[in-house]
C-alpha cells in the first residue's frame, strides 16, 4: 500500500512540475498534442470543438479544477482535472462562451449575448445545447432563403408565409392550431392549408362556408407554394426558389392580393 501511495505521489509531483503541453488527470500530452487531448476527452464532437476553440484562444496556461475553479498559470500548460467536456465547458463558458459562439456559429452582437447569458444561467448539457443551437441556426438560415419576408407580403399571403415558416421550423403538426385561428381571408388561407396537408377531418365546422369556398379555390396554388418551400427548407434545393416565386405570384393572383413587389 505504501509503495502505491509513493508511486502516486511521485507521479503527481512529476505532473505538477510540467510547464508545457496538456495535462488531463494523470495523462500528459505534449504541446503539439491538442488533437490527442481532444480524442482523450469524453463528449460529443460539438463539445470537443468548443473545447478546441477555447484552447486556441487561451492567452496563458490555465488550470481547471474538479470543483470548477479556474486559475491562470504562469507557464504555457493546460491542466484539466476533469476528462469530460461538459464540466470543463461549464467552468470556462463565462470567459470563453462568446468566443465559442462566434467561431463555431458565426454569432455576435445582441443575439450572441442573449444565447450566451441564457446558457450561463441554465447550464444546460453542452452536448444538447450546442446540437440544438446548430440545428436552430441551420433552420433560420434556410428560412432566410425564402424570397419574401412575412411583413413584405399582403393579406392573406403573409398568413401563408407564416404557416410555411412555422412548418419549416417545427413541422406541419405545429401549424394546425394556427391555421384554425385566422380571420377573414386568413381563415380561407387556413382552410386551404389544412386541405393541402389533409388535416380537415373534424375541422370543417370551424370555418364558415365562404372561407371554405375561397380556400378550396386557393388549394392548387398553395400546394405549389408548399411543394417549392419544402424543397428549399427540407431538401436543400435552393434552385426551387424560382418555383416558389411563381407559386406565390399565382396565389396572389387567385386570392386577389394583387401584384407583388419583387423579392
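Exactly one residue out of 107, 145 is under 28 Å from residue 164 (Cα atoms), assigned by TED's automatic domain parsing to the domain that holds residue 39, in a loop (DSSP other than H, G, I, E, B) and touching a helix residue (DSSP H, G or I) at 6+ places or on another chain (Cβ under 8 Å), and it is 107. If you check 257, 240, 229 for being surrounded by fewer than 22 Cβ atoms within 10 Å (Cβ to Cβ) and touching a residue at least 40 places away in the same chain (Cβ under 8 Å), only one passes: 257. Given the structure, is residue 151 touching a helix residue (DSSP H, G or I) at 6+ places or on another chain (Cβ under 9 Å), more than 26 Å from residue 45 (Cβ to Cβ) and modelled with pLDDT under 90? Taking the combined requirement at face value, the residue satisfies it. Run down 130, 163 and say which single residue is buried (at least 17 other Cβ atoms within 10 Å of the Cβ) and in the same structural domain as residue 221 (by TED's automatic domain parsing). The match here is 163.
Every residue, every condition in (1) closer than 27 Å to residue 135 by Cα; (2) in a helix (DSSP H, G or I), yes or no:
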{"site": "164", "(1), (2)": "yes, yes"}
{"site": "190", "(1), (2)": "no, yes"}
{"site": "205", "(1), (2)": "no, yes"}
{"site": "217", "(1), (2)": "no, yes"}
{"site": "220", "(1), (2)": "no, yes"}
{"site": "224", "(1), (2)": "yes, yes"}
{"site": "236", "(1), (2)": "yes, no"}
{"site": "253", "(1), (2)": "no, yes"}
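When the helices (runs of 4 or more DSSP H) confined to the range 2-65 are screened for residues that are modelled with pLDDT under 95 and on the phi < 0 side of the Ramachandran plot, those reaching at least 1 such residues are found at 2-17.
Okay, residues lined up against (1) under 22 Å from the mean Cα position of the chain (by Cα); (2) in contact (Cβ under 8 Å) with a residue 12 or more places away in the chain:
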| position | (1), (2) |
| --- | --- |
| 73 | no, yes |
| 81 | no, yes |
| 88 | yes, yes |
| 101 | yes, yes |
| 112 | yes, yes |
| 118 | yes, no |
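Inside the range 28-50, residues that are more than 27 Å from the chain's Cα centre (by Cα) and either loosely packed, with under 12 Cβ neighbours inside 10 Å or not assigned by TED's automatic domain parsing to the domain that holds residue 101 (or both) make up a count of 2.
Kindly evaluate residue 53 against the criterion of being surrounded by fewer than 19 Cβ atoms within 10 Å (Cβ to Cβ) and assigned by TED's automatic domain parsing to the domain that holds residue 234. No.
The single condition from (1) closer than 21 Å to residue 185 by Cβ; (2) at pLDDT below 95; (3) surrounded by fewer than 18 Cβ atoms within 10 Å (Cβ to Cβ) that residue 235 fails is (1).
The values are calculated or read from the model by the stated rules, or taken from the named source; none is laboratory data. In this text, all values refer to a predicted model and were calculated from it rather than measured experimentally. Ideal geometry is used to build each Cβ from the backbone, glycine not excepted, and the neighbour counts take in all protein chains shown.
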